[in-house]
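One structure is given below, encoded as structure tokens.
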Amino acid sequence: MNIRRRAPNGSKGAAKRGAKANRRLATRDPDAALQAAVDAVNGGDPETALDLAEQVLRATGHEVAVQVAVHAALHMDTDAAISALIRLSKLYRKDPGLFNDLGGLLCQAKRFDEAEKQYRHALRLRPNHAPTLANLGQALLGSQKLEEAAAAFRESIAIDAAFAPAHSSLASVLEQSGEREAAIDAHRAALAIEPDNRIYQDNLEKAYLRAGTGQDIREQMYRGYLQSDPDDAATVLALGGAVYDQRRFDEAEEIFKHALTLKLEPKQDARARLALSQISFIKGDHQAGWENYQWRLKNGDIEIREFPFPMWQGQDIRGSTLLIWEEQGLGECLMFLQFAALLVVRGVRIVYETKPRFAPVVASAFPEFEIVLVDDLAVTRGRGDIDYQAAAGDLGQWLWADFVTMEHRPGPRFVPEQSNAFRARYIADTGADAGTKLVGLAWKSHVSRLGPSKSLQLEDLASILRRPDLLFVDLQYGETREDIEKAEKQFACRIYHDETFDQRADLVPFFAQVGALDAVVSISNTTLHVAGSIGVPTAGLLSTVPMWRWEFHSDRAVWYPSVKLFRQSEPGDWSRPATEAGAFVSSVTSG
């Protein structure tokens, strides 16, 4: 019999005739109808195949018809496939595979609650089925029912410990729950079952990076990959990063230099050269560091601002107008603003393009600048009075030597009354004595892969928090209530949290708040830059692998004379730097 595949557009009569033919064939010869359905799928006509199989199912109730119909539906777009499987699920309630497939499609459509119902029905038909339990966990994870999802994945593992997807999915839940070490264990379990699965390899690598641990294990992984493909550029670059994270800077430098001899994509080439820049800075070779620092603009992480003005190349531009455009975060902004201030002293007029959030800070600190916002392209592009342009980070290549020989570094200046008002309010709100010393605290970083290794717990600052004569001020962005309540109870201290502004959105009051303090204790995050740029005595707590800007051996921050640096000697151990920071705080708050 000639099976009609697809009715032409507008031919409803032909479609009806085709449907009738399908029904007749399904009733008279179900096996032939199912074979025709399979042929239709293979011929690219899943709609006809679905109709044939569904007609057979209605006529015979055979499970094979369900399987062919599901096969056809899965070759359709997601919405059509979902509609088809819902219809089939009402006709035949006994096939767990049907409900599993329907759950998967609903998850794809982010209809997680509906998917959960389908998976639970599949489990009633086939209890203790490890893959279905793992699928249920995915639906629960999509609905952010993290505890239930974890329980489903663990039940799947209990049934079949060799089912790698359940271990991998459990790792995802644990990461979302903040259980980084347990997540790593789950990722490792998945990889142990399928050691050649590159997805599991990548997942484990990313988990280690997010946790700031496992550098030696990452190194072993990369060296293993390179045994089969020694010229794989991505792996060589990853190996360099793992070695760098273990403070073997000379070895990391050789690896990145070797990477430059390979066939690299443009972004990979920029990444290798930027890594060499950071190693040079860490080792104190600033000339080499600045020469390669320009590659940050070519690795794809920074938006390039395009203007019709020539780039400044370090020549004398006294009497000229220079457009400087920002490219990174607030910390870099505060560092590189000091170069811009040097140019003002040299008689250069500065037009400074900045983010709207930074503009009030820059304007109040440097009234001699003309401030334009990053969104106001019309203000800058068509101007005839601008002679040159420069990315803020490029200024160091030309001005570093002069900067480091300056006796006094220029930094943001604030009207004293702003900070005085904050100080008076904090004293009044807490009932502290007028002469009480105020010490700001910042202890976490969330914004980079090094965030976990840079962060500490408030309990790590015990030697400081046990000082009953100090009033502590919360400078940490994000949710801090739980951390503060725990520390206040443990150390009988007071940590004041200012509810009147959000430091991430309102930078002027944040700068004024920091300026009200007698000292600051901060890890390597934005607060350290803010305190240093204002000139507040600051203890900077650094992990074993510091950001390039803090170098490696010095206890002084070249960018901020008021900052003293205290470094870990072992990864994760803050005892020594915290104790040294406590002594520093005592020295600047005594008397």
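The values are calculated or read from the model by the stated rules, or taken from the named source; none is laboratory data. Small disclaimer: the values here were computed from a predicted structure and weren't measured. Glycine gets a Cβ as well: all are built from the backbone with ideal geometry, and neighbour counts include every protein chain shown. Accessible surface areas use protein heavy atoms only, side chains included; no ligands, DNA or RNA. Shrake-Rupley method; radii C 1.70, N 1.55, O 1.52, S 1.80 Å.
Quick notes on this one:
- Exceedance of the 23 Å cut-off in Cα-Cα distance is limited, within the set 94/117; 437/489; 206/267; 267/355; 206/444, to 267/355.
- Annotation: residue 425 carries an accessible surface of approximately 70 Å², with a 1.4 Å probe and no ligand, DNA or RNA atoms counted.
- Per-residue SASA entry for residue 471, accessible area with 1.4 Å probe, Å² rounded to 10: 10
- Taking all Cα pairs closer than 8 Å and separated by 6 or more residues, the relative contact order of the range 120-216 comes to 19 percent.
- Relative contact order of the chain, taken over Cα pairs closer than 8 Å and 6 or more residues apart, is 7 percent.
- Rolling a 1.4 Å probe over the heavy atoms of the protein chains gives the range 507-591 an accessible area of 30 Å² per residue.
- Positive dipole terminus of the range 246-360, leading residue within 256, 289, 266 (C-beta point charges): 289
- Packing-based order for 274-280, 503-509, 301-307, using average beta carbon neighbours within 10 Å, highest first: 274-280, 503-509, 301-307
- Solvent exposure of residue 254, expressed as accessible area, is near 110 Å², computed with a probe of 1.4 Å over the protein chains only.
- Of the GluC sites (Glu not before Pro) found in the range 320-403, the ones in coil according to DSSP and having at most 15 other Cβ atoms within 10 Å of their Cβ are 368.
- Residues 564, 454, sorted by accessible area with the largest first, give 564, 454 [1.4 Å probe; ligands and nucleic acids excluded].
- Computed FRET value (nearest 0.05) for residue 77 with residue 429, which takes r as the C-beta separation and R₀ as 51 Å: 0.25
- Rounded to the nearest 0.05, the FRET efficiency derived from the C-beta distance between residue 583 and residue 481 at R0 = 30 Å is 0.55.
- Cα→Cβ-extended label distance, 7 Å offset, between residue 93 and residue 305, nm: 6.6
- Residue order for 394, 285 - accessible surface, 1.4 angstrom probe, largest first: 285, 394
- Rounded if a/c under 1.5, otherwise prolate or oblate - the range 43-98, Cα gyration tensor axes: oblate
- Gyration tensor (alpha-carbon) shape descriptor, the range 330-390, a/c threshold 1.5: oblate
- Distance between modelled label sites at residue 161 and residue 402, nm, 7 Å Cα→Cβ extension: 6.9
- Length released on extending from residue 555 to residue 313, taking residue separation times 0.36 nm less the Cα-Cα span: 83.9 nm
- By the helix-only formula, in which each DSSP H run with n ≥ 4 contributes -39500 (n - 2.57) and the sum is divided by residues, the chain has a 222 nm mean residue ellipticity of -17500 deg cm²/dmol.
- Residue 35/residue 265 FRET efficiency (R0 45 Å; Cβ-Cβ; nearest 0.05): 0.35
- Shape of the chain, Cα gyration tensor, a/c cut at 1.5: prolate
- Largest to smallest accessible area among 387, 245, 231 [probe 1.4 Å]: 231, 387, 245
- Within the chain, antiparallel bridges make up roughly 5 percent of the DSSP beta bridges whose residues both belong there.
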